[in-house]
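One structure is given here, and the rest of the page talks about it.
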Amino acid sequence: MNEINLFVPFLFLLIFVLPYLNKVKSISEYVQSTSKLGLSESAPLLLAHLVKGFMILIAFQFISRHNLTLGVLLCTILFPITVLYEKWIHSAISTHLNNPNQTPLTYFKAKSSRIAFYGILFIMASIAFFAFFAEITWMTLSISYLFQVSRGVIFISLLFLAYVYAIAGGLSVLVRVSRVMMIFSFFVLICLLLYTYLTNGIYSIYNNWMRMQSPVSTITFPKVSHVSLWFLAILFVYVGYLLTNLSLWHINFSMKENRIKTIYSCTSFCFTSLLMTLMMIVVFVLSSQPDHTSSVNQMLHTLSHHAPFFAYLLIMALLSIGLMSAFVSLKSIIDACVLALHTEQKENPKLFRGIYLTSCGLLLLLFIVLRPTHTFLFTCIKLFSLLCIVSIPTYSLIMLSKQKITVLRLLPLTIGFLTGLCLFTQPSSLLADLFWSFSVSLSLQLFLLLCQKFLHK
């Protein structure tokens, strides 16, 4: 496959979005929906925010290392985490909106001082930035490896596609495209799962999978503790992502209040089912291959030779998830920029023209400067994980505290992040770096809380 063959689906995606591109009249209309979203609109959009392209890599690593039990356990625990997150955030939103003269756009401004507000937005935008380029990079590397196409062509095409959908279109476009892409991905993965296990037989796939397993050996305590710590790190990073995703916050404000619980319950079930389905498909692919592939790209490349139609559908489903993840991450960056420029005065009609031109210029500049490599991908994932995990104490305090957050409260997050950056330069494991950074951030935040209590006595 060459650039001409890939131009057809790219052109289709552009044509699909053209009817929905319109000029928004206000910041509130750009950031959130003008009317409250019901189950049919919110569920696919929320699913697009919950599922990340990183989950594909994480799920594959669990399976390829024969940790199927841990992969299933991860999916199982993610369900109650998202449900509890809904209860937590629903309570915070209701409390905020019950106050006079408060709107969804004023949530973080009402929770923080003037300077701390910009710091909070900057941290959210930074996390979304690394998530966005991690998504774009892994898709670029995968498409280039599978179809032998220039990385530069793919990289600029994905950046332009994200610009059109996430920036020029705003939330209204994401609502419509998420319904198509997420339903398509869910439907394709479910159909592929049923097709493979019904045509090949569950028993034969299970036997092949068990034959690939290494002989049973005594599991030492250090090995168990190491795997458990990785498991906790993944959960902590995901919780930090939920707390710091600005676009997700605006989606929560856009839902019908009496339907939030139902929307989250249905979407959380679909989310965990999607990950579980993907893992079961990976089990089949690995059990049907004599050589044990070590990466997602190699697995898809091998599969494309044995079952091209199956492989192409799987690739399309994975890329749909990756695209939506990139769209919502870029939308979160723009939301942070828009909120930083937001004033109570009358909207400036030239504001969005400046946003469109500036963002387009910055994306072109980043295309010239950045190169999609595996090193860049791992760097983005490491920085994303570090920022998410050190943000948990601070952003939990923002939700729980009735007092305004000052710049001093952001200091533990900053020190924790700088600690992680220093540890990254040392020859230590990523797991130890993340937990040391989280410990520093949490300890400093608790120390400030204790100092505040003693000073008030």
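Key figures for this structure:
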quantity	calculated
Cα lying deepest toward the dipole's positive end in the chain, options A336, Y197, L74, charges on Cβ	A336
The range 310-455: C-alpha gyration tensor shape, a/c 1.5 cut-off, then a/b vs b/c	oblate
Check: the chain dipole with +1 on Lys, Arg Cβ and -1 on Asp, Glu Cβ, in debye	1080 debye
Long-range tail of P(r) for the range 84-166 (Cα pairs > 18 Å, %)	63 percent
Exceeding the 19 Å Cα-Cα cut-off - candidates K52/K331; K111/K402; K402/K453; K111/K350	K111/K350
Charged-residue dipole, Cβ positions (Lys, Arg, Asp, Glu), the range 23-163 about Cα centre, Debye nearest 20	280 debye
Per-peptide average of other Cβ atoms within 10 Å, ordering 247-257, 151-161 highest first	247-257, 151-161
Reference-scaled alpha-carbon Rg (2.2 N^0.38 Å with N residues) for the chain	0.99
Ranked by how many other beta carbons lie within 10 Å on average, peptides 6-17, 399-410 from highest	399-410, 6-17
Whole-number percent relative contact order across the chain, with pairs defined as alpha carbons under 8 Å at least 6 apart	33 percent
Two-decimal Rg/Rh across the range 142-212, once Rg and the Kirkwood Rh are taken from alpha-carbon atoms	1.19
Rounded tilt (10° steps) of 296-306 against the dominant C-alpha axis of the chain	40 degrees
Crossing angle, helix 221-244 versus the chain [Cα axis fit, 0-90 degrees, rounded to tens]	50 degrees
L14 paired with F122, simple spin-label distance in nm, labels 7 Å along Cα-to-beta-carbon	3.7 nm
Unit charges at the beta carbon, dipole of the chain: most positive-side option, L57, T95, I251	T95
Per-peptide average of other Cβ atoms within 10 Å, ordering 128-136, 110-118 highest first	128-136, 110-118
If the convex hull is drawn through the Cα atoms of the range 13-152, its volume per residue in Å³	198 Å³
Between 0 and 90°, nearest 10: helix 53-64 axis offset from the chain longest Cα axis	40 degrees
Among V390, F16, Q445 the positive-end extreme of the charge dipole of the chain (Cβ point charges)	Q445
Taking the range 318-457 and dividing mean pair separation by its residue count, relative contact order in percent (alpha carbons under 8 Å, at least six apart)	21 percent
Accessible surface of the chain [probe 1.4 Å, protein heavy atoms]: carbon and sulfur percent	70 percent
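The values are calculated or read from the model by the stated rules, or taken from the named source; none is laboratory data. Predicted model only: the values in this text are computed from it and were never measured. Methodologically, a virtual Cβ is constructed for each residue, glycine included, from the backbone with ideal geometry; neighbour enumeration extends over all protein chains shown. The area values use the complete protein model at the heavy-atom level, side chains included, leaving out ligands, DNA and RNA. Shrake-Rupley method; radii C 1.70, N 1.55, O 1.52, S 1.80 Å.
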